[in-house]
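Student: This is the structure I want to talk about, given as structure tokens.
The values are calculated or read from the model by the stated rules, or taken from the named source; none is laboratory data. Bear in mind that the values here come from a model prediction, so they are computed numbers and not experimental data. Note: ideal-geometry Cβ built from the backbone for every residue, glycine included; neighbour counts use all protein chains shown. All accessible areas refer to the heavy atoms of the entire protein, side chains included, with ligands and DNA or RNA removed. Shrake-Rupley method; radii C 1.70, N 1.55, O 1.52, S 1.80 Å.
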Amino acid sequence: YKWVDLKGVAQEFDERGKVTKVLGFIADIQKRRDDEQALIEAKQRAEESDRLKSAFLANVSHEIRTPLNAIVGFSEVIAHTEGECEREEYLDIVKANSNLLLHLINDILDLSRIESGKMEFIDENIQMDELCEELRQMHQMRIKNDVKVIFERPAVSLTIVSDSHRLRQLYSNLISNAIKYTEKGSITLGYKLKGNMMEGYVRDTGSGIPKELRERVFEPFFRVDKSRSRKLGGVGLGLALVREIVRVHDGSIAVRSNPSGGTVFDVILPL
Ligand code: ADP
């Protein structure tokens, strides 16, 4: 089927007045229809993007206000507090909220720089074994309970061309989340060759993510349990950033449940 533009005029008639000849033209307007449809879709995408930006901004304002209120409020209270213990307790609150604010602002800046294409990615050769071992050690030191961080060394070591700072950020965000949501068991990171791509993964034995919410965790500020995430120092942008880093690398990311409980994030990146 094709869209056509058809115009005609009756030219000749028989004795009863019935049309016997029509003169006209038929023009193929399929391309025009396709172009119109493409424009309609582009407009819808622009409107959707505009709506998402406004929602993002509203979220940012709300998220900034919460720790800022705590900082302003408790700083004032400290000035009028005599007891040493109480002062220390309030100072800890101010410190925790300052860190949260800093973390939030850094993530917002990174996210908008990547989205607007202003972030520079410097490619270099990265030895994946070295990177993973370094990440393992760094995160193991941060763990306060007896959860183990394991690097599953693959049979074939890989070197990938990527921006090492961003690749580290990608893995770090996934491992930090695994640490936050795992109370016992282990966190396993690793990578393997998959066709001509690399598949990186971070697996944990933590609380897991309900199936119906798995796709949503990549949305900015989406959290399965907001108050729990906040208590653990989360600002809800970690996975949005991971998704953007993956997008810039023309890769893909997926989340599934770990058969032995917990969550697995699989990231596929071109070598
Ligand atoms: P946050 O700063 O809250 O951790 P993220 O964008 O990194 O934000 O993650 C979004 C949400 O996804 C988290 O609040 C949490 O509910 C869920 N999540 C992410 N990683 C895990 C994980 N490994 N185990 C369980 N839940 C997770």
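Student: Assuming R0 = 41 Å, what is the FRET efficiency of Y1 and Q169, from their Cβ-Cβ distance, to the nearest 0.05?
Tutor: The computed FRET efficiency comes out at 0.25.
Student: Given the options L193, L232, L23, state which has the largest fluctuation in a GNM of the chain using a 10 Å cut-off (strictly under) for Cα springs.
Tutor: Greatest mean-square fluctuation among the candidates belongs to L23.
Student: Still on this model: Among the aspartates and glutamates, select those whose C-alpha is under 16 Å from the C-alpha of K192, and discard any that sit fewer than 8 residues away in the same chain.
Tutor: Of all the aspartates and glutamates, those that pass the test against K192 - Cα under 16 Å, at least 8 places apart if same chain - are D129, E130, E133, E152, D266.
Student: Quantify how much of the Cα-Cα distance distribution of region 1-43 extends past 15 Å, in percent.
Tutor: Percent of Cα pairs beyond 15 Å in region 1-43: 60.
Student: Sticking with this one: Which of the aspartates and glutamates could be linked to K2 by a straight reach, that is with a Cα gap under 17 Å, when you skip same-chain ones fewer than 8 residues away?
Tutor: Hits, sequence-local ones excluded: D28, D34, D35, E36.
Student: Principal axes first, then extents: for the Cα atoms of region 177-243, list largest minus smallest coordinate on each axis, whole Å, largest first.
Tutor: Computed over the Cα atoms, the extents are 41, 27, 22 Å.
Student: Determine the share of the chain's accessible area contributed by carbon and sulfur atoms, expressed in whole percent, with a 1.4 angstrom probe.
Tutor: 54 percent
Student: Per DSSP H run of at least 4 residues, take -39500 (n - 2.57); add these up for the chain, divide by its residues and hand me the 222 nm value, nearest 500 deg cm²/dmol.
Tutor: Value at 222 nm, helices only, nearest 500: -17000 deg cm²/dmol.
Student: Can you work out the accessible area per residue across region 65-129, with the rest of the protein chains kept in place, probe 1.4 Å, in square angstrom?
Tutor: Result: 68 Å² per residue.
Student: Determine the sum of side-chain charges near Q37: Lys and Arg each +1, Asp and Glu each -1, restricted to other residues whose C-beta is under 13 angstrom from that of Q37.
Tutor: Neighbourhood net charge equals +1.
Student: In debye, nearest 20, what is the charge dipole magnitude of region 87-236 about its Cα centre with +1 on Lys and Arg Cβ and -1 on Asp and Glu Cβ, if you could check?
Tutor: 580 debye
Student: While we're on this one: List, in the order given, every pair from K144/K184; K95/K148; K148/K231; K148/K211; K53/K180 whose Cα-Cα distance in the structure shown is over 18 Å.
Tutor: The pairs that break the limit, which is 18 Å between Cα atoms, are K95/K148; K148/K231; K148/K211; K53/K180.
Student: I need the trypsin sites (Lys or Arg not before Pro) found in region 1-30, filtered to DSSP loop residues with at most 13 other beta carbons within 10 Å of theirs.
Tutor: K2, R16, K18
Student: While we're on this one: Return the aspartates and glutamates within reach of K21: Cα separation strictly under 12 angstrom, same-chain partners fewer than 8 residues apart disregarded; answer none if there are no such residues.
Tutor: Reachable aspartates and glutamates: E12.
Student: Treating only the Cβ of Lys, Arg, Asp and Glu as charged (+1, +1, -1, -1), what charge dipole size does region 97-167 show about its Cα centre? Round to the nearest 20 debye.
Tutor: Roughly 340 debye, rounded to the nearest 20.
Student: Still on this structure: Tell me the volume per residue, in Å³, of the convex hull enclosing the alpha carbons of the chain.
Tutor: 228 Å³
Student: Run through region 1-68 and list the chymotrypsin sites (Phe, Trp or Tyr not before Pro) located in a DSSP loop whose Cβ has at most 13 other Cβ atoms within 10 Å.
Tutor: Y1, W3
Student: Next question, about the same structure. Against the globular-protein guess of 2.2 N^0.38 Å, express the Cα radius of gyration of region 125-271 as a ratio, rounded to two decimals.
Tutor: Scaled against compact globular proteins, the figure is 0.98.
Student: Out of region 12-81, which GluC sites (Glu not before Pro) are coil in DSSP terms and have no more than 15 other C-beta atoms within 10 Å?
Tutor: Listed in order of number, the matching sites are E15.
Student: Taking the Cβ of V94 as the center, what net charge do the other residues with Cβ under 15 Å away carry, scoring Lys and Arg +1 and Asp and Glu -1?
Tutor: -3
Student: Where in the chain are the helices, taken as whole DSSP H runs, whose Cα atoms extend 18 angstrom or more along the long axis and whose Kyte-Doolittle mean reaches at least -1.0?
Tutor: 30-79, 84-115, 164-180
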